[in-house]
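First comes the structure, then the notes that go with it.
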Amino acid sequence: KGLAEPEDHPQFFRELFGVHRSEVPPCYPFLRAEDMINLVHDAGGIVFVAHPHNQLHLIDDLMAMGIDGMEVWHPDLTAEEQQEAYRIALEKKLYISGGTDHSGLCDNAGTVGDRHYIPPLSAGTTYDHFVEIRDRKISR
């Protein structure tokens, strides 16, 4: 609706929720992770761990639940966390993405890999990783 420009989103979100984000009641009950993963798979989707800065040590457990990929490039991850997430995703043969909510050009300025902006998907990942996701086939 044009209420906020992409560059205004972080400030808009902070003003809207601030430190009270956890106080907003959910609109519906949360499903267990395994149930949600199965629901997504049953609908033909693939499941990614989003901005996993505090979840990298849980990847094996999450893989056992059925995750398919990991968001490697996200502003919440430090450069070291991005490198570790990228290493883990390669080692475990997970799909590699940036966030679907990524808005802006990706380049290799101080981060892992040669990332590209892919309009209109705005996936913020390399072309090769994008093709793997699109074709549902990891080729590495």
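Every residue in the stretch 1-51 that is among the acidic types (Asp, Glu), part of a helix (DSSP H, G or I) and under 25 Å from SER97 (Cα atoms), please.
Taking the stretch 1-51 and keeping what is among the acidic types (Asp, Glu), we get 5, 7-8, 15, 23, 34-35, 42.
The next check asks that each one be part of a helix (DSSP H, G or I); those that pass are 7-8, 15, 23, 34-35, 42.
If the condition is that a residue be among the acidic types (Asp, Glu), part of a helix (DSSP H, G or I) and under 25 Å from SER97 (Cα atoms), then GLU7, ASP8, GLU34, ASP35, ASP42 are the ones that fit.
For (1) modelled with pLDDT of 90 or more; (2) over 15 Å from the mean Cα position of the chain (by Cα); (3) surrounded by fewer than 11 Cβ atoms within 10 Å (Cβ to Cβ); (4) aliphatic (A, V, I, L, M), each residue gets a yes or a no:
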{"residue": "LEU62", "(1), (2), (3), (4)": "yes, no, no, yes"}
{"residue": "ASP68", "(1), (2), (3), (4)": "yes, no, no, no"}
{"residue": "TRP73", "(1), (2), (3), (4)": "no, no, no, no"}
{"residue": "ALA85", "(1), (2), (3), (4)": "yes, no, no, yes"}
{"residue": "PRO119", "(1), (2), (3), (4)": "no, yes, yes, no"}
{"residue": "THR125", "(1), (2), (3), (4)": "no, no, no, no"}
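Among the residues of the stretch 13-27, write down those that are open to solvent by 90 Å² or more (accessible area, probe 1.4 Å) and within 19 Å of HIS74 (Cα to Cα).
ARG14
Residue-wise test of (1) surrounded by 15 or more Cβ atoms within 10 Å (Cβ to Cβ); (2) touching an Asp or Glu at 6+ places or on another chain (Cβ under 8 Å); (3) under 19 Å from THR126 (Cα atoms).
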| position | (1), (2), (3) |
| --- | --- |
| GLU7 | no, no, no |
| ASN38 | yes, no, no |
| PHE48 | yes, yes, yes |
| PRO52 | yes, yes, yes |
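The values are calculated or read from the model by the stated rules, or taken from the named source; none is laboratory data. Given the structure is predicted, the values throughout are model-derived calculations rather than measurements. With ideal geometry, Cβ positions are generated from the backbone for all residues, glycine too; neighbour counts draw on all protein chains shown. Note: areas computed on protein heavy atoms with side chains; ligands, DNA, RNA excluded. Shrake-Rupley method; radii C 1.70, N 1.55, O 1.52, S 1.80 Å.
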